[in-house]
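The values are calculated or read from the model by the stated rules, or taken from the named source; none is laboratory data. Quick caveat, the model's predicted, so the values are computed rather than measured. Neighbour counts are summed over all protein chains in view; Cβ atoms, including those assigned to glycine, are modelled from backbone coordinates with ideal geometry.
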Amino acid sequence: MNILVTGGASGLGAAIVCKLADNEKNTIYFTYNKSFTKAEEITLKHGNTRSLKCDFGNKEEIQRLIHEINQIDLDILINNAYAGSFIKTYFHKIPLNDFSAEFMENIIPTIEITQACIPVFRKKKYGKIITVLTAATSAPPLGSSIYVANKAYLGELTKVWASENAKYNISSNSVSPTFMQTALTSSIDERIVEQMKNEHPLKQLLTVEEVAETIHFLTEASLHLNGIDIAMNAAMNLK
């Protein structure tokens, strides 16, 4: 299968790419922005991976990626990339421009890329869209309003993609991980992280490898599995 992973050079994205690349029948395309060295390490380690430079804040690079999508006969899109910070400050203290800037940098490019993939999938009458959301929408941490709002917006779109495209053998599912230690969450105080571990039912935090395993499952799942969100939160904050 030909699979595109956005934001695939580090953190969860890198774990997804490496997991999917274990199957030599897959060709994994992944985007990166600043992580050139990490992207190069992945392509050297896995011969069936291809890195694509794409800054979500650069319209020309987005258009170049869309052109690439039309050339590689894509089977699966994994929307993983997210730029910005998980925690900022209280909602009422965040400048309005921060909301619009992160929406334009994260959500609009994801929409554009997904719009480019759906006609490819419809033409071949097969495709899967897998989107990384967050379990934090159930009980948003203080200061996470922009990140949580953006993920919630994407969450509703995943349902639209499922309902509009099911008859074309296209599925749209999502995974909502709870807190993981990645670059996105690196600014959170170590004492808070330790407290989260102590209060966790399993006494350990979710790892990127565990989430990558779940995404791998969705890449191989039946098309009857469509329009669902898999919450990875150890039964905390059940909806």
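Within the stretch 2-46, being within 17 Å of the chain's Cα centre (by Cα), hydroxyl-bearing (Ser, Thr, Tyr) and modelled with pLDDT of 95 or more holds for THR6, TYR29, THR31, TYR32. Among the residues of the stretch 66-100, the ones that are free of Cβ contacts under 8 Å to residues at least 40 places away in the same chain and surrounded by 15 or more Cβ atoms within 10 Å (Cβ to Cβ) come to 1 in all.
Entry remark, the stretch 20-57: residues being of a type in the set (Lys, Arg) and within 16 Å of ASN79 (Cα to Cα) number 1 in total.
Residues that are in contact (Cβ under 8 Å) with a residue 12 or more places away in the chain, touching a helix residue (DSSP H, G or I) at 6+ places or on another chain (Cβ under 7 Å) and over 20 Å from THR219 (Cβ atoms) do not occur anywhere in the stretch 14-28. Consider the stretch 36-55 and keep the residues that are surrounded by 20 or more Cβ atoms within 10 Å (Cβ to Cβ) and among the hydroxyl-bearing types (Ser, Thr, Tyr). The one that is farthest from HIS67 (Cα to Cα) is THR49.
Counting only helices (runs of 4 or more DSSP H) wholly contained in the stretch 27-113, the ones carrying 1 or more residues that are β-branched (Val, Ile, Thr) and closer than 25 Å to ALA152 by Cα occupy 59-69.
Every condition in (1) crowded, with 21+ Cβ neighbours inside 10 Å; (2) not in a helix (DSSP H, G or I) is met by GLU24 except one, and the failing one is (1).
When the residues of the stretch 155-204 are filtered to those that are closer than 21 Å to GLY8 by Cα and hydrophobic (A, V, I, L, M, F, W, C), the one that is modelled with the highest pLDDT is VAL175.
Residues considered: LYS151, LYS128. Of these, the only one that is of a type in the set (D, E, K, R), crowded, with 16+ Cβ neighbours inside 10 Å and not in a strand (DSSP E or B) is LYS151.
The residues of the stretch 1-30 that are over 19 Å from GLU209 (Cα atoms) and of a type outside the set (D, E, K, R), listed by number, are MET1, ASN2, THR27.
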